[in-house]
Amino acid sequence: MNVFKCPKCGKTTSSREKFCVDCGESLDIYCPECGEKWRFMFDYKFCPSCGFNMKKTIVRPILATRKPRGSSTRKPINKQ
């Protein structure tokens, strides 16, 4: 088991975890070019799959987000 620090809060975490147990930050990083994922602990300069220069861009984890119940981006229909 490897340990490393969370990129957001700095808390030491286990390599087995998918999210930081202290702040909830995703511990996976995704290549914006090909979508390959790996752990923050590896700190690759280039994507191991496609060679994209990861240091040229600010890359943050892609977080699964859900909208609260009842919220919608649709406009209500006004029936007259």
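The values are calculated or read from the model by the stated rules, or taken from the named source; none is laboratory data. Computed from a predicted model, the values in this text were never measured in an experiment. Glycine gets a Cβ as well: all are built from the backbone with ideal geometry, and neighbour counts include every protein chain shown.
Based on this model, can you work out whether SER15 counts as at pLDDT below 85, over 13 Å from the mean Cα position of the chain (by Cα) and of a type outside the set (D, E, K, R)? When the stated conditions are applied, SER15 passes them. If you go through segment 1-33 and pick out every residue that is closer than 23 Å to LYS45 by Cβ and among the charged types (D, E, K, R), you end up with 5. Within segment 1-45, the residues that satisfy the criterion of being in contact with a helix residue (DSSP H, G or I) (Cβ under 6 Å, 6 or more places away or on another chain) and not in a loop (DSSP other than H, G, I, E, B) are PHE4, ILE29.
Would you please name the residue that is surrounded by the most Cβ atoms within 10 Å (Cβ to Cβ), looking only at residues in segment 30-48 that are within 12 Å of the chain's Cα centre (by Cα) and at pLDDT below 85? Top of the filtered list is PHE40.
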